[in-house]
Every structure is written in C-alpha cells, then in structure tokens.
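Below: the structure, in structure tokens.
The values are calculated or read from the model by the stated rules, or taken from the named source; none is laboratory data. These numbers come from a predicted model, not from an experiment. Methodologically, a virtual Cβ is constructed for each residue, glycine included, from the backbone with ideal geometry; neighbour enumeration extends over all protein chains shown.
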Amino acid sequence: MSIDRILSDKEFMKIAHLIIDNEEFQKRKNFLHHNDSVYEHSLKVSYRAYKFAKYLSKIYSVSIEEVIIASLLHDFYTTPWQDAPKIKKPLLEKHGFVHGKIACQNARKYFPNYMTLRVEDSITKHMFPLTKPPRYIEGWLITLADKYVSLNIFLNPCSLPKYIGIRGKNRSR
C-alpha cells in the first residue's frame, strides 16, 4: 500500500492529519523501522487498522478516531530504538516487551489532548503476546494491523529476535 494512497484518503486524513502534521511526528521519517521508516510503518498500520475498524463498525461499536490516533502513535519513540545503548537487560525489559509503554509515555507528552483510556491501552498493549492483551476492540485491531503490516518479519524467523529487541552476538569468521 503506497503512502500517497493513504495520504489521499480524505476520510482517514480528516483525523490522521492531527498527528501526521505535527513536527515531532514528522521526525519519524528519519527513524528506521525494519524496511521502512517509523513514519511509513505507522501510517501503514494506522490505515490498515482504520480499514478494519470501518468494516467492523457495521457490526460492533468501534471508535475509528481512537483507532487512527492510537495506531499512528503505537511506535512513537523519541529516538530510534536501535540507537539505545547496548547494555544487557533482562528479557522482559527488552525493546519488544517495553516499547509500547515508552511510546505511550511519549504520546502523552506530545499529544495529551488525544490520550484516552482506549488510546493508551491500545498503544501500551499492541505487542501482544509479548504484553498483556488489549482491553478494547480498538487495541485488538491495532495489534492485528501491526502484525499484518509487519508480516515479512515473521516470514523470516532469523529476524524475529532483532524484531523483539534481542541483539545477537557479533561473530567473525
């Protein structure tokens, strides 16, 4: 899915521009996230979650606005996580287990007016099953969209340890 297509969806952008146009969010264009930037990844996850939410809103009560906001902010780090000091941490303190909490703290700092219980829960728990499961349907949609967009990581099992923040040992031949 192209970024241009996402940015041209007027209904999506009616809400998304509140986050996307923010100078701090724009900095994520320079943060690497696997094969994309954090900016591109977040847009793709948000758009996919938005599409899921629109479909399900015909059957269930879903806050499309909270889905868009939370999914745009689900990986909202203030610096690229790969730049973090390489210190030994217990497994449950590694990136994949804690970055939802960190992203939520950062989102509260830069976007306090958009933080609701559903948004915070969705951001904090989007890495399920590495975290507790989301409490609300919005969080489940974001978790599903994030996995869907990141599927290429799961197709390459050797990439999985790095994806959850476990760095391998450097081996020279």
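For the stretch 113-129, the set of residues classified as assigned to a helix (DSSP H, G or I) and closer than 22 Å to E23 by Cβ consists of N113, Y114, V119, I123, listed by residue number.
Consider A16 carefully, then state whether it is surrounded by 17 or more Cβ atoms within 10 Å (Cβ to Cβ), in contact (Cβ under 8 Å) with a residue 40 or more places away in the chain and under 18 Å from N113 (Cβ atoms). Don't jump to the end; show me each part of the working.
Working: surrounded by 17 or more Cβ atoms within 10 Å (Cβ to Cβ): yes; in contact (Cβ under 8 Å) with a residue 40 or more places away in the chain: yes; under 18 Å from N113 (Cβ atoms): yes.
The answer is yes for A16.
Here is a check on your reading of the model: is C158 in a helix (DSSP H, G or I), in contact with an Asp or Glu (Cβ under 6 Å, 6 or more places away or on another chain), modelled with pLDDT of 60 or more and not small (G, A, S)? Against the criterion (in a helix (DSSP H, G or I), in contact with an Asp or Glu (Cβ under 6 Å, 6 or more places away or on another chain), modelled with pLDDT of 60 or more and not small (G, A, S)), C158 does not qualify. Within the stretch 36-52, the only residue that satisfies the criterion of being in a helix (DSSP H, G or I), of a type in the set (S, T, Y) and farther than 13 Å from I69 by Cα is Y39. Against the numbered list (1) exposed (fewer than 12 other Cβ atoms within 10 Å of the Cβ); (2) at pLDDT below 85, G165 comes up short only at (1).
Selection of the stretch 62-112 for residues being modelled with pLDDT under 95, in a loop (DSSP other than H, G, I, E, B) and not charged (D, E, K, R) yields H74, F76, Y77, T78, T79, P80, A84, P85, I87, P90. Quick check on the stretch 130-137. Is at least one of its residues touching a Lys or Arg at 6+ places or on another chain (Cβ under 6 Å), more than 15 Å from L72 (Cβ to Cβ), modelled with pLDDT of 95 or more and part of a loop (DSSP other than H, G, I, E, B)? Taking every residue of the stretch 130-137 in turn, at least one turns out to be touching a Lys or Arg at 6+ places or on another chain (Cβ under 6 Å), more than 15 Å from L72 (Cβ to Cβ), modelled with pLDDT of 95 or more and part of a loop (DSSP other than H, G, I, E, B). Taking the stretch 27-55 as the range and being surrounded by fewer than 15 Cβ atoms within 10 Å (Cβ to Cβ) and at pLDDT 90 or above as the test, the residues that pass are K54, Y55.
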